[in-house]
Amino acid sequence: MSRRNAPRSAGSPQIYRYLKLFQENPSSRVFAPLAEAYRKAGLVEEALEVAREGLRVHPNFVGGKVALARALFDQRAYSEVVATLEPVIDDVPDNLVAQRLLAESQLMLGNVPKALQAYKMLLYFSPHELDTARIVYELESQLYDQGEILVKAPDARPAREAPAIDEFKVQPVAQTHAGEPDARRRTWMKRVEALQSVLLRVERYRRAASSL
């Protein structure tokens, strides 16, 4: 797409506004909202082109990477979304848009443990999200039925460094708890019941808030 040309669609006024700013200063970060405006207008190819062009100038700009990932997601290029966002999540784990895109992409790719890890991070930062809590519960149950469980990985970094957001790893259920299978099952069900209790409290809070 040439910067001298208007988009081939009648697009929203936002497209023209951001495009004008982009034409005036091609090295600015306005490429990110321009790409998002294109994407929302259904011009995904234009969104991808603008995002990639902007990232050549600002390769570490998180907003640009998220804009690119959104357009890639719309194209169902889930592996590229993951490759784009994993470095973002490492640096900015509380970027909820990136976490959700990553979680949904991993789920679309069938990577249940990776999807569960991303959804757990979403729930960590937004514990009020009932839908996210339900997805976490469903994915944990699915993993357990396969004989696996997601557990917090040991922190191998030096103690002098600031603590990082929890990282997780998958391991067989049999390695997680000692004892007989029935005992392990009871331990796991207690955790499930605790999560269900959280869900109920969240639901009650939402109903009370909506009645005000």
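Points to keep in mind about this one:
- For the stretch 45-82, a residue qualifies if it is touching a Ser or Thr at 6+ places or on another chain (Cβ under 8 Å) and surrounded by 17 or more Cβ atoms within 10 Å (Cβ to Cβ), and the qualifying residues are K65, L68, A69, L72, F73, Y78, V81, V82.
- Near pairs, Cβ below 8 angstrom, 6+ apart or cross-chain, from the stretch 90-119 (on the phi < 0 side of the Ramachandran plot) to any residue that is of a type in the set (F, W, Y) and crowded, with 24+ Cβ neighbours inside 10 Å: A103/Y119
- Boolean, G147 is surrounded by fewer than 17 Cβ atoms within 10 Å (Cβ to Cβ) and modelled with pLDDT of 80 or more: no
- Neighbours by Cβ (under 7 Å, 6+ apart or cross-chain): first from the stretch 12-36, assigned by TED's automatic domain parsing to the domain that holds G64; second acidic (D, E): F31/E53
- Qualifying residue in the stretch 50-62 (condition: of a type in the set (A, V, I, L, M, F, W, C), in contact with a Leu (Cβ under 6 Å, 6 or more places away or on another chain) and not assigned by TED's automatic domain parsing to the domain that holds D91): yes
- Residue check, D90 of a type in the set (D, E, K, R), assigned to a loop (DSSP other than H, G, I, E, B) and at pLDDT below 95: no
- Any chance G42 is touching a residue at least 24 places away in the same chain (Cβ under 8 Å), crowded, with 23+ Cβ neighbours inside 10 Å and outside the structural domain of L143 (by TED's automatic domain parsing): no
- Test: residue in the stretch 92-112 that is buried (at least 20 other Cβ atoms within 10 Å of the Cβ) and in contact with a strand residue (DSSP E or B) (Cβ under 7 Å, 6 or more places away or on another chain): no
- If you go through the stretch 74-89 and keep only what is free of Cβ contacts under 8 Å to residues at least 24 places away in the same chain and either hydroxyl-bearing (S, T, Y) or within 18 Å of Q117 (Cα to Cα) (or both), you end up with A83, T84, L85, E86, P87.
- Of the residues making up the stretch 125-141, one or more are closer than 18 Å to V92 by Cβ and either modelled with pLDDT under 70 or touching a helix residue (DSSP H, G or I) at 6+ places or on another chain (Cβ under 8 Å) (or both).
The values are calculated or read from the model by the stated rules, or taken from the named source; none is laboratory data. This one's a predicted model, so the numbers in the text were calculated from it and none came from an experiment. Ideal geometry is used to build each Cβ from the backbone, glycine not excepted, and the neighbour counts take in all protein chains shown.
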